[in-house]
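Take a look at the structure below.
Every number in this text was worked out from the coordinates using simple rules, so none of it is lab data. Worth saying up front: this structure is predicted, and the values here are computed from it rather than measured.
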């Protein structure tokens, strides 16, 4: 990701004052949700993994805290995590949010 400071902050075509390269991309979050929260794995995760209720329903079974602030890396990790759960018939999905 490249961040550019421009002379006129409201005009993307104005000359650049300074630029920064951010190799990890945008900052953000990702997590894995099992829905419904009544699923046997969700109940097990609540007891054994400190899983919490998700805002939109279900249970957050993994909050990705690895990979510094890189949203893309967190999303890819969460997708792999959810994929493994799905292969074992656990209804998991990924949620993310830019910071």
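Worth pointing out:
- Per-residue ellipticity at 222 nm from helix content only, as computed over the chain with -39500 (n - 2.57) for each DSSP H run of at least four residues, stands at -8500 deg cm²/dmol.
- Options (i) 15.9; (ii) 15.3; (iii) 13.8 - which one matches Kirkwood radius over Cα pairs in Å as calculated here: (ii)
- Between residue 56 and residue 5, the contour length at 0.36 nm per residue exceeds the alpha carbon distance by 14.7 nm.
- Take every pair of alpha-carbon atoms less than 8 Å apart whose residues are at least six positions apart; their mean separation over the length of the chain yields a relative contact order of 31 percent.
- Helix axis angle, 71-87 relative to the chain longest principal axis, alpha carbon, degrees: 20
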